[in-house]
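S.K.: What follows is a structure written as structure tokens; I'll ask about it next.
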Amino acid sequence: MDNIANHENWKSCFSEIGPGLLLFARQWTRSAADAEDIVQEAFVKFWRRNHTINNRALLYATVRSIALDFIRRDKRRARREATVFAHADSTVEPQFEWEDEAQSALAAAVNCLPHDQREVLVLKIWNELTFSEIAGALGISQNTAASRYRYALANLKKSLQPQ
Amino acid sequence: MNDFQELENELRALRPARPSPVLLERIEEAMVENCRADASPAGQPARLPYNWLSLGFGLAAAAVLLLFAVLSMEHRQGSDKEIAQVAPASETRPVVPALSGGRGVDGSISSNKFVPAGATQVVYNTRNEGLQFADGSREPLRRLRYQTRQTWQWRNPSTGASLRVSYPSEEVVLIPVSGQ
């Protein structure tokens, strides 16, 4: 998968990175449908601009940028809907497919992480980006990305320890 | 980092939710639409290596600056040639040949006609070069050299355009000296 634009079978390319992209986008949206909208827009935009898939940092930066735009729009929408859904659950949680209770607990612990740590963790674990790519995608330094990752793991370990 | 190796493996075993099949179809549709838009001549033009709009604005700004620079330079040159003493405009009316019909001169000035508007001669240096005798003369003559700048101006009354010619000149005057 050298170039998405020239990739005849872009579907196989997307099937590889799609779940990770969706998980990344899911951090900013309340629903999976919104996350899919963001991923669609970002992926098509990226494909159209003829960037290589090797520049993954740019792809994830595109997803992030569109997600942040979505949040701004969504805030306005949320204000309008606030009266209707006064008690709606406003938490934003990534979606996982767990097989047992241990994975369920792990997923719950990931969801409880601070956003900046979870963002780095999602890019590192489920999207397999390097710290350099994470830094490029999030607009932070490589050291910051690495330290946030370590903090995320430490927090997870702490929260999963039996009380 | 190895302290977290086991935890990292557990995290990798946790699979993110897969996108819905509908998403794949939607992306495919969007890509096909984009391909059509790119292929159609009325569609969005291909991206150029640089922005033509900025280039156009830049060139326009450069042209305006150049124009101002030229005008400013001309104005400065005009100021340098400003004359200390300007002769009043010619009091005589411009002499314009009568038309073939023999009618009056007034109002018959052609738009291409320039009429004299002024003339100045500024003497900026006078040098006494001493006495001398002219050929075949027994009377001494004082030789004076004047360095001047002469300026002539014409104006077109109908268009308001003006023409000015300025040049340096040098004049040598011999004045007879009478011995009393």
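S.K.: How well do other chains shield peptide A:39-46, expressed as the mean number of their Cβ atoms within 10 Å of each residue Cβ? Each step should come with its number before you reach the end.
M.R.: Values: counts 4, 9, 2, 0, 4, 8, 2, 0.
Taking the mean over all residues of the peptide, I get 4.
S.K.: Further question: Once phi is turned into ³J(HN,Hα) by the Karplus curve 6.51 cos²θ - 1.76 cosθ + 1.60 with θ = phi - 60°, what whole-Hz value does each residue of region B:132-143 show in order, with x for glycine and proline?
M.R.: Coupling constants for region B:132-143: 7, 10, 6, 4, x, 10, 9, 8, x, 10, 8, 9 Hz.
S.K.: Can you tell me the order of B:9-17, B:157-165 when each peptide is scored by its average per-residue count of other Cβ atoms within 10 angstrom, highest first?
M.R.: Sorting B:9-17, B:157-165 by mean packing, highest first, produces B:9-17, B:157-165.
S.K.: Let me confirm one metric for peptide B:21-30, namely the mean number of other chain beta-carbon atoms within 10 Å of its residues' beta-carbons.
M.R.: So the per-residue partner count for this stretch is 5.
S.K.: While we're on this one: Straight distance only, please: which lysines reach the Cα of A:Lys45 with their own Cα at less than 30 Å, same-chain residues fewer than 8 apart left out?
M.R.: A:Lys11, A:Lys75, A:Lys124
S.K.: Here's a follow-up. Using a 10 Å cut-off on Cβ to Cβ distances, tally the other chain neighbours for every residue of B:61-73 and report the average as a whole number.
M.R.: Values: counts 0, 0, 0, 0, 0, 0, 0, 0, 0, 0, 0, 0, 0.
For peptide B:61-73, the averaged partner shielding equals 0.
S.K.: Taking 7 Å along the Cα-to-C-beta vector as the label spot, tell me the B:Val123-A:Ala102 distance in nanometres, rounded to one decimal.
M.R.: Each label point lies 7 Å from its Cα, and together they span 11.7 nm.
Bear in mind these aren't lab numbers, they're just calculated from the coordinates by the rules spelled out. Please read these numbers as outputs of a predicted model, since none were measured by experiment. Cβ sites come from the backbone with ideal geometry, for glycine too, and all protein chains shown count toward neighbours.
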